[in-house]
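The values are calculated or read from the model by the stated rules, or taken from the named source; none is laboratory data. Just so we're clear, the structure is a prediction, and the values are computed from it rather than from any experiment. Cβ atoms come from the backbone with ideal geometry, glycine included; neighbour counts cover every protein chain shown.
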């Protein structure tokens, strides 16, 4: 309770002098005195609704900078999001990139709506062989060409889970069929079924069913025939096989 009174008084003092800096570049040192109390209070417990957007921007940015200085990038990002400070979000994303925390980096660039940096990061991850992160970056930016490039690499490297994620995301039926064929050749029947199902290729699903049945994988064959709506083979299995 005592802390709340102190915070209100300190913030009130700043609010009284608002007019001197509204619409101008914020001097974050103006908020230096209240930042320690705000940190102690905790970002999730703050109520700044009584202040103008400019003042809230300054307070939250100063708070985010202090979190960042203390090495708490997650809280810094939350502060910058609440402040809608894209410049500081981009800086935080760069910090995550330097730390090689690419998942966080991508998420923060998304928050900052920085398509150029997402594309740049995606290319870097692709060059470094970080396919998972390249995929996330290119999906975030919606670069279909790059996604197909990565997807092709994933197929070549037998990383079928990543390839399926890409081709299903961009809804490329031809690529899904290509993936299904590759999976079928490698006896990865689960991925083959998923790819052909999403591509809407009943003929290929029935082919998977035929192969699985020939290999005495009855349940898998029934799954494929079911998705293909191949009633004749469904009935055949039900009448002649028992798992």
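So is residue 104 under 18 Å from the mean Cα position of the chain (by Cα) and either outside the structural domain of residue 176 (by TED's automatic domain parsing) or at pLDDT 90 or above (or both) or not?
yes
Within the bounds of segment 183-200, is there any residue that is touching a helix residue (DSSP H, G or I) at 6+ places or on another chain (Cβ under 7 Å), outside the structural domain of residue 166 (by TED's automatic domain parsing), in contact (Cβ under 8 Å) with a residue 12 or more places away in the chain and more than 25 Å from residue 170 (Cα to Cα)?
For segment 183-200, residues touching a helix residue (DSSP H, G or I) at 6+ places or on another chain (Cβ under 7 Å), outside the structural domain of residue 166 (by TED's automatic domain parsing), in contact (Cβ under 8 Å) with a residue 12 or more places away in the chain and more than 25 Å from residue 170 (Cα to Cα): absent.
For residue 117, all conditions in the list (1) exposed (fewer than 15 other Cβ atoms within 10 Å of the Cβ); (2) modelled with pLDDT of 85 or more; (3) in contact with a helix residue (DSSP H, G or I) (Cβ under 7 Å, 6 or more places away or on another chain) hold save one; what is the number of the exception?
The failed condition is (1).
Looking only at segment 120-147, filter to residues that are within 17 Å of residue 169 (Cα to Cα) and out of contact with any helix residue (DSSP H, G or I) (no Cβ under 7 Å at 6 or more places or on another chain); which one of those is surrounded by the most Cβ atoms within 10 Å (Cβ to Cβ)?
Step by step, filter segment 120-147, then rank; the result is 144.
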